[in-house]
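Any read-out appearing in this document is the output of simple, stated calculations on the displayed coordinates, not a laboratory observation. Please read all numbers here as calculations on a predicted model, not as lab measurements. Don't worry about glycine lacking a Cβ; one is built from the backbone with ideal geometry, like all the others, and counts go over all protein chains shown.
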């Protein structure tokens with residue numbers, strides 16, 4: 001519908017005029033599966049009529065791929081079809097923690113957030129957010145579950161690691177603020193996660209509820225300071241984790257255990273919303289995770305999460321609709337709490353230019369984002385240039401004991417790359433590291449793991465040996481350590497050819513201390529993106545300097 005000036009008019013919404021079913025639906029973010037939905041309901045419109053959800057999640061790397069496809073064209077078509085099937089415009093969310101490329105094929109994979117931390121550049125952090133938003137615009141995604149606003153205070157934590165910028169709040173806060181501005185000034189709502197802050201426990205909330213065990217005063221100056229800075233800057237949403245904060249919580253359940261933030265009114269309503277003054281949308285972490293599922297029967301847990309102050313539920317079953325209707329009818333849940341959640345959601349949609357609210361429903365402090373439309377080519381070029389800049393500025397040379405660097409392509413003709421990758425996908429992505437050497441006229445053999453006897457037999461064939469570990473969260477799920485063939489490769493490293501060996505981590509920086517502390521040359525690249533591979537090869541051949549600063553300690 002066009003307005004009098006010929007522009008597309010926004011749907012005008014008044015909260016009190018929504019049906020109860022529509023209000024409940026606004027609080028739901030579901031996974032996308034168009035084929036299954038059409039098969040079950042006849043059409044997307046019929047599904048949306050019965051379950052008028054507020055948003056869809058596109059792409060699900062850590063759980064499973066539930067879309068018919070995750071290419072740029074397929075996601076763009078999915079968001080278009082869903083938009084046409086609903087009355088109230090939708091939020092389309094994804095986990096764009098390091099650009100769109102980690103979720104959607106055909107878009108750009110930026111270096112991991114810890115690489116951004118190693119640059120310590122607020123301008124690059126802003127560009128990182130802007131690049132993400134520009135490419136998200138091309139596929140119809142308007143909400144990202146990033147940035148990770150956690151701190152790597154426990155090097156054994158299996159969740160944060162290279163997904164977080166640093167282990168120091170004064171290092172991370174300026175970068176996070178710039179990162180969020182870059183996204184939100186280009187029509188992509190940001191989500192700071194995982195409140196009350198991950199990275200202290202050594203356990204994984206996908207498996208069980210974890211704890212932020214910091215004393216209260218330490219929490220205030222660490223995770224608390226980070227979330228407060230982003231709240232003060234107007235971050236659009238905050239994701240609560242299946243994480244408890246015992247230093248603040250008085251109530252306990254089930255054997256003296258503290259509830260996670262996704263179920264705890266003390267943490268979400270009292271601390272986050274009332275004391276810290278957060279006025280945006282609180283979205284839960286996924287409701288399929290073990291740290292949530294083990295507390296209460298599913299339908300009971302849904303109501304408790306809404307009572308606790310959660311505004312949007314991530315991946316509930318559709319039984320959520322009927323359960324919430326019963327809770328409203330019985331008085332177990334108040335309409336006031338539901339309408340507070342819905343108003344926050346609608347205000348976020350207004351900020352994104354999706355709807356127009358009635359005067360008495362409008363937010364008073366956030367105006368609609370005015371971001372220019374960009375072409376796919378412009379977005380792609382900007383994202384590629386940002387990836388290159390972050391990768392080059394992040395490379396951190398930990399030591400070069402014997403002055404091996406810089407290398408010369410006149411002297412280095414044959415290279416052995418030993419990829420130490422627990423995940424098949426990470427090994428496949430090492431092809432771009434091999435290609436970076438070959439573009440310089442260097443023959444490069446890429447091998448996954450090696451045993452010391454083979455290394456001793458073959459080391460004379462090579463002028464350079466590069467051990468390239470790529471260890472990162474959930475690749476595979478479990479502790480961030482090496483086992484089986486990867487542990488054997490770490491055993492074998494440096495047993496031959498030590499004076500011509502470089503260890504370069506394209507993942508966790510902590511592997512250096514755990515497995516490679518005797519390496520004479522050690523480099524942290526913090527991620528397995530093509531831009532990081534190219535930057536590493538450029539740096540060891542002296543084409544660019546090693547400019548990164550380690551954003552974490554205990555290396």
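For the pair the range 93-148 / the range 5-53, the C-alpha centres are spaced 27 Å from each other.
Going from the fewest other Cβ atoms within 10 Å to the most, the residues 420, 88, 540, 104 appear in the order 88, 540, 104, 420.
Which angle from 0 to 90°, rounded to the nearest 10, does the C-alpha axis of helix 335-351 make with the longest principal axis of the chain? That helix lies at roughly 60 degrees to the long axis. Rounded, prolate or oblate, given the Cα gyration tensor of the range 202-248, with a/c below 1.5 counting as rounded? In terms of gyration-tensor shape, oblate.
Panel order for 128, 82, by other beta carbons found within 10 Å of each beta carbon, from fewest to most: 82, 128. Relative contact order for the range 110-212: 38 percent, from Cα pairs under 8 Å spaced at least 6 residues apart, divided by residue count. Between 0 and 90 degrees, rounded to the nearest ten: what's the tilt of helix 376-394 against the longest Cα principal axis of the chain? It is inclined by approximately 50 degrees. To the nearest ten degrees, helix 298-308 and the longest principal axis of the Cα atoms of the chain are 80 degrees apart. If a spin label sat at a point 7 angstrom from the Cα of residue 402 along the line to its beta carbon, the backbone N atoms of the range 479-506 nearer than 15 Å would be those of 494-503. If you take the Cα centroid of the range 149-228 and the Cα centroid of the range 262-337, the two points sit 22 Å apart.
If you count the DSSP beta bridges with both ends in the range 395-540, what percent of them are antiparallel, to the nearest 5? Percentage antiparallel, nearest 5: 20.
Protection proxy ranking, highest mean first, for peptides 492-498, 193-199: 193-199, 492-498, where packing is the per-residue count of other beta-carbon atoms within 10 Å, averaged. Working from Cα pairs under 8 Å separated by at least six residues, relative contact order for the range 249-373 is 22 percent. Helical content alone sets the calculated 222 nm signal of the chain at -10500 deg cm²/dmol, taking -39,500 (n - 2.57) per DSSP H segment of four or more residues and averaging over every residue.
Here semi-axes √(5λ) of the Cα gyration tensor in Å was computed from the coordinates, and among (i) 40, 30, 21; (ii) 52, 35, 17; (iii) 43, 26, 21 the match is (iii). Potential lengthening of the chain between residue 45 and residue 362 amounts to 111.3 nm, from the contour at 0.36 nm per residue minus the alpha-carbon distance. When you restrict to C-alpha pairs under 8 Å that are six or more residues apart and normalise by the size of the range 395-540, the relative contact order lands at 33 percent. In the chain, what % of DSSP beta bridges are antiparallel (nearest 5)? Looking only at bridges with both residues in the chain, the antiparallel portion is about 10 percent.
For the range 478-555 versus the range 372-393, the inter-centroid distance based on Cα atoms is 26 Å. Overall shape: rounded for the range 395-540, with the ratio a/c of the largest to smallest alpha carbon gyration tensor axis below 1.5.
Of the residues 252, 86, 144, 71, the one with the fewest other Cβ atoms within 10 Å heads the list, and the complete ranking is 252, 71, 86, 144.
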